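One structure below.
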Amino acid sequence: MGANSSSISELPENEYLQKLSGSEPISENDPFWNQLLSFSFTTPTNSADLKLLEEATISVCKSLVEKNPRTGNLGSLIKVFLSRTKELKISAECQNHLFIWQAHNALFIICCLLKVFISRMSEEELQLHFTYEEKAGPSSYGAECEDLIEELLCCLVQLIVEIPLLYPCQHTDSNWWKWLCSWYRGRYSGGVTSALGYAVRDITYSISLEAVTTLIVFLSCQLFHKEILRESIIHRYLMHGRCLPYTSRLVKTLLYNFIRQERSPPPGTHVFQQQTDGGGLLYGIASGVATGLWTVFTLGGVGSKASAQLEQCSPLASQSLLLLLVLANLTDTPDTPNPYRQAIMSFKNTQDNTAFSSSNPHAFQINFNSLYTALCEQQRSDQATLLLYMLLHQNSNVRTYVLARTDIENLVLPILEILYHVEERNSHHVYMALIILLILTEDDGFNRSIHEVILKNITWYAERVLTEISLGSLLILVVIRTIQYNMTRTRDKYLHTNCLAALANMSAQFRSLHQYAAQRIISLFSLLSKKHNKVLEQATQSLRGSLGSNDSPLPDYAQDLNVIEEVIRMMLEIINSCLTNSLHHNPNLVYALLYKRDLFEQFRTHPSFQDIMQNIDLVISFFSSRLEQAGAELSVERVLEIIKQGAVALPKDRLRKFPELKFKYVEEEQPEEFFIPYVWSLVYNSAVALYWNPRDIQLFTMDSG
């Protein structure tokens, strides 16, 4: 690194990095730092280049690990970075890009070094590399290490919350600004102020991204432990002390980064055009800064192609969301609950004028409409779905707002699409989508309103052309399809249970079910019935075969039968709930029930189903009688007309009342055992410009995501 551009392959031999990791201590005031930090470097975005960067960084780190306790050069680098950020904040000329450029480059190097250090040593060992006092001698380790770690963490948080993505063009009357405008005028068709303003925006975008990334790296020690970290030096600094007052601002900023989906600067663009005739010292600095920054800050840079993922999304939004999820899932300490989770649980809408509770100092306000729009648009990613789950489950303000929306289909349809493409999604993403539906269906207003929303031409639903269907009927179709997929593929009882719970919550408010939805409800029952008979037959044959032999153990068919019968019982309760509460609203379900009436014969006398079969049997008998009275060879339209007339005539008091079906989602005990590995698997697989050697990962297996 240094004044010239560097490539990844050259890093191990780079003279400046060799000096940084060498045997000589370098004072924080040494001119060396200006040379080291004046580099342009194309930040890699694909896994191959990231792996090369990791390998190149390791060779430098090995030398630094060995020699830094005697030189203290890592601490000096961090102090240089801290001084650059202070100069950034207090500079009267905020257009002076040099401090921003060098601050970013320093942070980039720190992040690369920290990532390798953290993957190879304990936090206690890491602390030793943050301390060195030249006056006290090379072996002096003291409290300064803790202060330096905390100062760095606090500085990163301040960078994220205090540096805007687009600096305002203040001090435009300064001599520097006037000179630069005079030189630049006519060279950029968009105008001087806008060109320079966007140059600064690109700089601040990238240093914000690097600050977010470095915080993720600081917290990545969890990746290298099989057990959940419940005590951590880094966690302690972020949840106490100097970082604590920034909690709500940090959460708010990360949320707004996600909401705004600000794009990264386009690769290959130069604000300052190169020229061959010099231009003076000021031009040399400005040109070097702009050119160097563009290659560093465009996540791909000149001469390289950014990945399709980065072209389609915002790296800062994606990285901010990952950091937010990591912070929200830090474990509570014995004396302090996680303040980041508290902030997520309590923030309110900007239109909410009620007073904040004094019991939560981390509450803040955010624009719920913008948040809702972003959540609707970003559900293709695991992390956005996980954020939606957290907000619905933990923040009652968000849940109330979402349930009151009149365009709820914008949120529900992406969730249904996740479940529909279950074969292409990982199991955790499917679980989160399903639990979101379960939480929504706990609300009776939601269960009623989804049948009033009429959708046209659902193109992603391939089993049947759906030119017009209610959102409620589509939800039923997708959940039933998920159950059927699970029965034939994964056989996950947890997924079964949550699917059926969502259907049960909705059943009393089923309205005007689409004929295909009604058919699929009965078809699912038919599939369960066949499976029940098959297992029963296998159990009988196995029992007969075992009578002549005592050598082989019997398969546990009893357990399989119990599971299937539980599911059958639930389906019967769902059908019964609909017939009891809204029979007159669902002629298509009655029609499907009558069409497949023979399915229910075997369950009339079954001890597990006799009670729940009474109402279903009564409905079948009542409407069958009316159809017989109407004559033979009736058209579908005529049958539906008779059903509608009969629904009015059927005395409601003849139907036995059962307790209302209501299921509420409750997190398992110690939910961190599920969520922390899940969140870090998302970081591992999705973080921008971060690579960890898979052999070093201890928290989860590579196929757990």
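The values are calculated or read from the model by the stated rules, or taken from the named source; none is laboratory data. Everything quoted here is computed from the prediction, not taken from an experiment. Counting neighbours? That spans all protein chains shown, and the Cβs are built from the backbone with ideal geometry, glycine included. Accessible surface areas use protein heavy atoms only, side chains included; no ligands, DNA or RNA. Shrake-Rupley method; radii C 1.70, N 1.55, O 1.52, S 1.80 Å.
Go through SER427, SER449 for me and flag whichever is among the polar types (S, T, N, Q) and under 19 Å from the mean Cα position of the chain (by Cα).
Unique residue meeting the criteria: SER427.
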Contact list please: Cβ distance under 9 Å, first residue in segment 356-383 and closer than 30 Å to THR336 by Cβ and at pLDDT 90 or above, second residue assigned to a loop (DSSP other than H, G, I, E, B) and of a type in the set (Ser, Thr, Tyr), pairs at least six apart or on different chains. GLN365/THR350; ILE366/THR350; ASN367/THR350; PHE368/THR350
At pLDDT 90 or above, over 21 Å from the mean Cα position of the chain (by Cα) and assigned to a helix (DSSP H, G or I): is that true of ARG201 in this structure? no
Any residue at all in segment 551-558 that's at pLDDT 90 or above and open to solvent by 50 Å² or more (accessible area, probe 1.4 Å)? no
So which of LEU403, LEU392 ends up being in contact (Cβ under 8 Å) with a residue 40 or more places away in the chain, touching a Gly at 6+ places or on another chain (Cβ under 7 Å) and under 20 Å from SER449 (Cβ atoms)? LEU403
Identify all residues within segment 576-599 that are crowded, with 19+ Cβ neighbours inside 10 Å and without any contact (Cβ under 8 Å) to a residue 60 or more places away in the chain; write none if there are none. VAL590
In segment 502-519, which residues are assigned to a helix (DSSP H, G or I), open to solvent by 10 Å² or more (accessible area, probe 1.4 Å) and either in contact with an Asp or Glu (Cβ under 9 Å, 6 or more places away or on another chain) or of a type outside the set (S, T, N, Q) (or both)? TYR516
When segment 435-452 is examined, which residues are found to be crowded, with 23+ Cβ neighbours inside 10 Å and closer than 19 Å to ILE676 by Cα? ILE436
Taking GLU54 as the residue in question, decide whether it is open to solvent by less than 30 Å² (accessible area, probe 1.4 Å), charged (D, E, K, R) and in contact (Cβ under 8 Å) with a residue 24 or more places away in the chain. yes
Condition test on ILE476, is it in a helix (DSSP H, G or I), closer than 27 Å to MET613 by Cβ, modelled with pLDDT of 90 or more and within 29 Å of the chain's Cα centre (by Cα)? yes
